[in-house]
Every structure is written in C-alpha cells, then in structure tokens.
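For reference, the structure is listed below as structure tokens.
The values are calculated or read from the model by the stated rules, or taken from the named source; none is laboratory data. Please read these numbers as outputs of a predicted model, since none were measured by experiment. Cβ: placed from backbone, ideal geometry, glycine included. Neighbour counts: every protein chain shown.
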Protein chains: 2
Amino acid sequence: MVREKGFWKRERVDEALYRLLKKIKALETEDVSVYNLQGRVLAEDIVAGFDVPKFNRAAMDGYAVKAEDTFGASVSNPIMLQLAGSVEIGEVPKVVVESGMAVRIMTGAMMPEGTNAVVMLEHTRLNGNFVEVLKSVTPMKNVSRVGEDIAAGEVVFRKGEILQPQDAGVIASLGIESVRVYRKPRVAVITTGNELAEVGEPLEGAKIYNSNNPMICNALLEFGFEAISLGIARDDEEELRNKLQKALEFDAAVITGGTSVGAKDLVPDVVGEFGEIVFHGVSMKPGMPTGAAVVEGKPVFMLPGSPAAALLGFYTFAIPALYRMMNVRIIARKWSRQKGVLQGRIPSEIGVRSNVRVLWEDGKVYPIRISGSGILSSFVRANALLVVPEDKEGYEEGEEVEVTLLRDVTEVFE
Amino acid sequence: MVREKGFWKRERVDEALYRLLKKIKALETEDVSVYNLQGRVLAEDIVAGFDVPKFNRAAMDGYAVKAEDTFGASVSNPIMLQLAGSVEIGEVPKVVVESGMAVRIMTGAMMPEGTNAVVMLEHTRLNGNFVEVLKSVTPMKNVSRVGEDIAAGEVVFRKGEILQPQDAGVIASLGIESVRVYRKPRVAVITTGNELAEVGEPLEGAKIYNSNNPMICNALLEFGFEAISLGIARDDEEELRNKLQKALEFDAAVITGGTSVGAKDLVPDVVGEFGEIVFHGVSMKPGMPTGAAVVEGKPVFMLPGSPAAALLGFYTFAIPALYRMMNVRIIARKWSRQKGVLQGRIPSEIGVRSNVRVLWEDGKVYPIRISGSGILSSFVRANALLVVPEDKEGYEEGEEVEVTLLRDVTEVFE
C-alpha cells in the first residue's frame, strides 16, 4: 500500500543546517607530521619556541660593516674599508670585525661580531683588498634582527586554522615535527532501493545501476574525507537496520534514497529508531525530502535517491557538518576571488608581475609589510594574494581590487 | 669567491610558462575504479553502452494509463478508470493494461505494457477500486522515454575531463566499473643549502630549519600529486648530481634554493649538465631567479630558496606543468564564482532555495533543461550552479548573475 504522509515540515536550509551543527561535536585529535598537514585543522595553538631569525642576519647581499664607519660616505666621498673575509649562509663567522673593516656577506648569513649594518653591493666598489663605500648606512640597516619575523613565545597559529603549505613551512621553520589536528571523519555510504544493481553486475529487468555510492564516495574524497561504501540496502527495515548498525562503526553516515513519502521510503523511520531526526524536509529544489539525524552523536544524512538532489544535499548539509566535526566553519574558500578596497598604496615596476601578499578582511585589503621574500610570517599574516600584472604600475590606496584567497577563511566552534 | 653572473634573461611569466609547457608530454595512463575518480583526468572518451533510461519509466508519481482513455477528462468531467494494481521501482510490471484501466506507479518505475502516459497523483481521486482522472494527458506525458537522458553510442565524456563526483555517478550509471585516466605525476622534492637542518635535528650555529621541503610536499598534496622528499643537498656539485639522479626516478623534480647568482648557487649549472634549461630568470616578484629545465622529458623546477618566492613559483610554473603531464590546462577552477548574462528566464518559488544547473561559457549563462532531478546528464551538460535564494522569484533573461563552477573548465593539449 502507498502511504501518503507529509514531511515534518519544510524548513529553510540555513535554519535546518544551524540546528544540525549545534548537535555535533568535534572529533578527537591526532598528531600529524609537518609533511602531511595539507587541509588538516589545527587542534592546538602553535607557539614559537625560539626567535626567527635566531640571530641577526644580512637582509641584502653586500658588506657587513660598523655603520659608524660609513657615516659621510657618498659617491663623491667614498670611504675605504679593508676587506676582512666573507661569510656564507649557514656559517658562523670566524672573523671579528674591528673599526675600518668590511666583510663580504650574502643575504641570510649571520652578521659577524662587531658589525651592525650591511652596505648593499651596488653601493660599493671593490678595489683590490679594499671596499669603497659609496653610501652611508644607519645602524641595523639591511639587517634582519633576532625575532623580527617571529618572536619566541608568539602564538603563530590558532586552533581551528585549516593548514596550508605555507603554514607547514612556518611550522617546520620553528623546528616542530608534528602538530595536533582533528581527526578526519570516516564516512559510511549506503544507498537504498530494490531497483539498484551494483556496477559490474548484469542489469536485468527494471534495474538501474547504483550511481549514488560512487558519486558520494568521490565527493567525500574531494574534501579529503575517508569514504567507506557499504553498498546497497534493499527496501527492507531489517536490512536497513543492519547497514545502519554497521555504518555507526564510522563517524558519520550518508544514506541516499528512501527518504521521500512513498511506501518503501523507510529510511527516516529506521533512522528514527536509532536516534534523533533533526530535520526532514527542507525548502530546497531539488532535494525537498532531504533530512538529517544524530545517532550516538554521529550525523546521519538522509539524501534523496535522485543523484542531482543527493549531491546538492550532500554539499549543502554534509560538508558543513563534516567540517564541524573538525571544529571549523568555512566562510570563504581558498583560491576564491574576493573584492576589497585597498587600504594602502601598492607600487610595482612596469614589466614585472608582482605577487603582493595582502590581508583581506571585511571587504578591505591591507598590504602586508615584507622585509624580503624570505619572511615566512608574511604568508601567515596575509590571507590573500594581489597580483599586479606586468603592464600596471601598482594600485592606489582606495582602489577596488580583486584578490585570491591563499587560505580558507574560517570560524571556530569550540 | 663570489661570482656575479646575470640571468640568461628576465622573461615574462606567460612566455616562460608557454615555452615550458610545449616541451612536456602527457604521462602514460592507468585504469581506476569509479569509486576513486575524483580529480583524475580522463584519458579516453566515455561512450554510453546502452540507453538511459533503458526502459520507458514514470517521471511522476501517479497512475500509468493509456493517454487516449483520458481525453476530455476534467474536474467537472472526471473519467473513471479501473485500478489494476501497482508497479514499484525496480520491478518488471506483471500487469498488462487494457483500455479503461490504470496502474498506480512511482517515479522511476517501469511503465506497464499497454500504457503510454502518467496522470499525476494530484490530478486524480481514488474512489474504492476506481481512479477518477481529473485532467487529460497526451501520449508520453510524464514518461521518461528510453534514451531520453543518454542515448546508446553517445559520447558522454571527452578525453581530458577532470572528473568530478557527478561524473563518477554518470559513469557508474552506465555500468562502467573503471576508466582510463592519466597517471598522476610523482614529484621529488629537494632543497639545497649548507645552512639547512632537518626538522627534528638540533639547530646549531647559523643553521635554519628546512621549511621548503615540507611546504612544497604539502603544496603537491593540495593538488593530489604524490610528493617524495629527498631531503637537503649541500652546496656541492657532486651531492646535487646524486640527488638529481635520484629525483629522475620520479616524474618531475622541484629544487628550491641555489638558483640565484651567488657562488654557491650551483643548481642551474648542475641541472644544465643533465638536460635543457628552458628558462632561468623571470619578470616576477618575488621570484626573479626562478627557472625550469627539461631532463629526459621530465620537468625540473628551480625555485628560489626564500619560502614565499618558492611557493609562488611553484604555483605559477609547477602546477600548470604537472597538469600538462595529465594533458590539461585549467582555465577556471571548480568552486570559483563567475559572472555571466543569463540566456533564459529562471523561475523560482518564493520561500524555496533553487539550485539551478547552468552552463557557463564565454560570459554567458545557459539554463539546462531538466526533466526531473534524477536526470544525471544535466549535471554533465551543466558546468555551474546558480542558486536562487529563498527571497527571490527567480531571474530574468538578460540579467547578470553569478554562478559557482561545478567542474574545472579546461583545455586539452593532445
């Protein structure tokens, strides 16, 4: 017999989702290597254990000097310093510099004892064993100071950050081998219907192939979740109960089909035996018969059997709920383009493509000050990229620009 | 000694990339299960082996009838038909329908022999063993015909498609268990520099941690490529040669550091011994010293040692080249938002969120005709989603709308 019962109610999508998210908690956490952090959600704050840089280092190629020795130097009045050796990157300088001496130095190398500034190569002339300084420098000019990039004790990342390659770089530069992240949900996938045959089986009579399980499994993979297909459940309460029982060994379940109001739409009734139906019936097309329940704290998604409705329901409800299990809500996605008003001038040279790191926030775009492309923390403080193309001389303050997000913009739940 | 040599030339980013891509070929192909296709690039055309639907099926819940029996029916002039049973989805109807009979049928069920239309449930009244038809139907009304969704022999996907969940669904619905895709590149990652220590080691003297290898490995994972870290190469030609030799066991190599013009920047020279330097020096900031070579047909990326420049160089050159190895160029990314002018009216009911599948092409947005949410092929013909929010009564033809891409828009190379 055909049972024509209605939905509980047709709820607005955002309200239904909100009520569902409120009933879900974050999963436990695990330690993951800095080589495998991509897309993982941080479950702890990351604090710098030491200053970066750990030592004063040259920020330019040139000569390390005592700044005081260069005072008054100009092209018309070069000051001669004695070349006292060179320092390579990674090497502890052996030379101790006294007044009147200069040491050849490369960007990133440790400043030798006794020096406090770097004269850029282009402001010097090498003359045998002597260096002619053509421009004076002030103390600490062209030097990256201890802790300038990141200070010891600074919170570099907050819990809830969805980690990106640049974050893995910063974490590694702090000497941290692994960090605590939320476990990724493992999701069981079931499809229901007497009409279904598994791919690989012959297609007899009025059967059609089970396309929803491969589709939903791939949709889970797309977001990095683990997918476990439990195959087809016939339209039979006992079989559904058994599959659901098996699904509850994992962190969440997606069931497609059997959610409507027909005689064989048993899913909501069976799921309701196990736990609380949070909603069933939403004001969404396609996908009115979409529903969700929470069983033993685990979300169970009841999606329509028609593939397009199932996939749209999955993206609308399951993805936010699965991220909720990792304690975050994604407000704007990495790589999406966003508009904003520039809060400072950005100069760029004609003929050069400049990749400018910026912070995009509330429709405003803030340039991030960078003291060299080696400064990793700029990539943490910035969340977006503004590309100045070759044919543009930069952008003016107040201009509307479009930026590309370099990380997901998120909100944390707990 | 310090060697101050210049770059070959500073080439525009797009020109350098173009010349690199021309020298790379696609990798071999492999068979992958329909459960694991996400993001893989199709290496063959997919042809439907049978019609979808394979049989005429009901497109609505209601009664299967002979359309001719309903001619003239209206609310004021109901036509009485005898209820002759019901057909469930997946079942081959046992009843043969004769004139004057009606069979209860569910959406998706096989049409019984002798019927050619479905009267929607809401246009009927059940009266004991009789069905009152309140509205006439024409032949094939509310019926999905054989081959209506996909015709046998139709090319459903072309080589070069980056497969999405909905594609896996369509491929499964055609009974195809696995398809031929390009192998994903396996990429070796090397960083160079005497100043580097591996995370986990104590940080002595003027050393800094190797942050580039974890960063680049995570960036490879972000796009689903396999990353193999070969660790640090000291600034020593022999060590670099050995690492590069090892890297050539894989499909591509990323080397960071040692690409500039200092004495210890040995990378371009050593790489040049193995193969052809395609470019070295680009008009890009940060990242001027970026270069790439092709060795034994494999791309070798020479990225600056400073992390921000390395990552931006990786995204700018390595990602397009690695996709080239899978035979595609991505023009617009999945999930990105795109604007376009609507080429037809899209109605929507107030209070309902409509997810409308559309085709976005050259700044135009074409609504895709759908005969029910079960029609999978609409998800293949459409490449974007237009969401009509609850408070809008649809969009008019000619309106500018913003859509979300549901697949990468790509170009194929070979």
(message) Here is a check on your reading of the model: is A:Ala252 closer than 30 Å to B:Trp335 by Cβ and buried (at least 24 other Cβ atoms within 10 Å of the Cβ)?
(response) yes
(request) Name, by its number, the condition in (1) touching a strand residue (DSSP E or B) at 6+ places or on another chain (Cβ under 7 Å); (2) part of a loop (DSSP other than H, G, I, E, B) that does not hold for B:Asp265. (result) (1)
(request) Would you check if B:Gly398 is at pLDDT below 90 and in a loop (DSSP other than H, G, I, E, B)? (result) no
(message) Quick check on my filter: what residues within the range B:149-167 are buried (at least 16 other Cβ atoms within 10 Å of the Cβ) and either facing chain A (nearest Cβ under 7 Å) or at negative phi (or both)?
(response) B:Asp149, B:Ile150, B:Val156, B:Phe157, B:Lys159, B:Glu161, B:Ile162, B:Leu163, B:Gln164, B:Pro165, B:Gln166, B:Asp167
(message) Testing B:Tyr323 on (1) within 14 Å of chain A (Cβ to nearest Cβ); (2) over 20 Å from B:Gly231 (Cβ atoms); (3) modelled with pLDDT of 95 or more, one condition comes back false. Which one is that?
(response) (1)
(request) State which residue is modelled with the lowest pLDDT when the search covers only the range B:234-260 and only residues that are closer than 17 Å to B:Ala293 by Cβ and within 13 Å of chain A (Cβ to nearest Cβ). (result) B:Ser260
(request) Would you mention how many residues in the range B:234-249 are crowded, with 17+ Cβ neighbours inside 10 Å and assigned to a helix (DSSP H, G or I)? (result) 4
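Within the range A:320-333, work out how many residues are in a loop (DSSP other than H, G, I, E, B) and among the hydroxyl-bearing types (Ser, Thr, Tyr).
The number of residues fulfilling the criteria is 0.
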(request) With respect to B:Gly313, determine if the residue is buried (at least 18 other Cβ atoms within 10 Å of the Cβ) and either free of Cβ contacts under 8 Å to residues at least 60 places away in the same chain or facing chain A (nearest Cβ under 10 Å) (or both). (result) yes
(message) For a quick check of your reading of the model, give me the residue pairs whose first member lies in the range B:2-30 and is modelled with pLDDT of 95 or more, whose second is surrounded by fewer than 16 Cβ atoms within 10 Å (Cβ to Cβ) and assigned to a loop (DSSP other than H, G, I, E, B), with beta-carbon atoms closer than 9 Å and at least 6 apart or on different chains.
(response) B:Lys23/B:Gly297; B:Ile24/B:Gly297; B:Lys25/B:Gly297; B:Lys25/B:Glu414; B:Ala26/B:Glu414; B:Thr29/B:Glu44
(request) Check off (1) in contact (Cβ under 8 Å) with a residue 40 or more places away in the chain; (2) within 13 Å of another protein chain (Cβ to nearest Cβ) for A:Asn210 and give me the number that stays unchecked. (result) (1)
(message) Please pick out the residue among B:Phe279, B:Phe301, B:Phe317 that is among the aromatic types (Phe, Trp, Tyr) and either assigned to a helix (DSSP H, G or I) or within 30 Å of A:Met288 (Cα to Cα) (or both).
(response) B:Phe317
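Can you tell me which of A:Thr107, A:Thr124 is in contact (Cβ under 8 Å) with a residue 24 or more places away in the chain, of a type in the set (Ser, Thr, Tyr), assigned by TED's automatic domain parsing to the domain that holds A:Val65 and in contact with a Leu (Cβ under 7 Å, 6 or more places away or on another chain)?
Only one candidate passes the filter, namely A:Thr124.
Scan B:Tyr18, B:Tyr35 and give me the residue that is aromatic (Phe, Trp, Tyr) and within 11 Å of chain A (Cβ to nearest Cβ).
Step by step, each of B:Tyr18, B:Tyr35 is checked, and only B:Tyr35 is aromatic (Phe, Trp, Tyr) and within 11 Å of chain A (Cβ to nearest Cβ).
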(request) Name the single residue, out of those in the range B:334-347 being assigned to a loop (DSSP other than H, G, I, E, B) and either among the basic types (Lys, Arg) or buried (at least 20 other Cβ atoms within 10 Å of the Cβ) (or both), that is farthest from the other protein chains (Cβ to nearest Cβ). (result) B:Arg345
(request) State whether the residues of the range B:35-56 include one that is over 24 Å from the mean Cα position of the chain (by Cα), aliphatic (A, V, I, L, M) and surrounded by 18 or more Cβ atoms within 10 Å (Cβ to Cβ). (result) no
(request) With the checklist (1) surrounded by fewer than 20 Cβ atoms within 10 Å (Cβ to Cβ); (2) touching a helix residue (DSSP H, G or I) at 6+ places or on another chain (Cβ under 7 Å); (3) of a type in the set (A, V, I, L, M, F, W, C) in hand, flag the one item B:Ile79 doesn't pass. (result) (1)
(request) For the range B:168-201, enumerate the residues that are within 10 Å of another protein chain (Cβ to nearest Cβ), farther than 30 Å from A:Arg57 by Cβ and not charged (D, E, K, R). (result) B:Ala168, B:Gly169, B:Val170, B:Ile171, B:Ala172, B:Ser173, B:Leu174, B:Gly175, B:Ile176, B:Ser178
(request) Among the residues of the range B:202-233, count how many are surrounded by fewer than 16 Cβ atoms within 10 Å (Cβ to Cβ) and within 20 Å of B:Thr259 (Cβ to Cβ). (result) 1
(message) out of contact with any helix residue (DSSP H, G or I) (no Cβ under 6 Å at 6 or more places or on another chain) and at pLDDT below 95: which single residue out of B:Ala109, B:Ala197 fits that description?
(response) B:Ala109
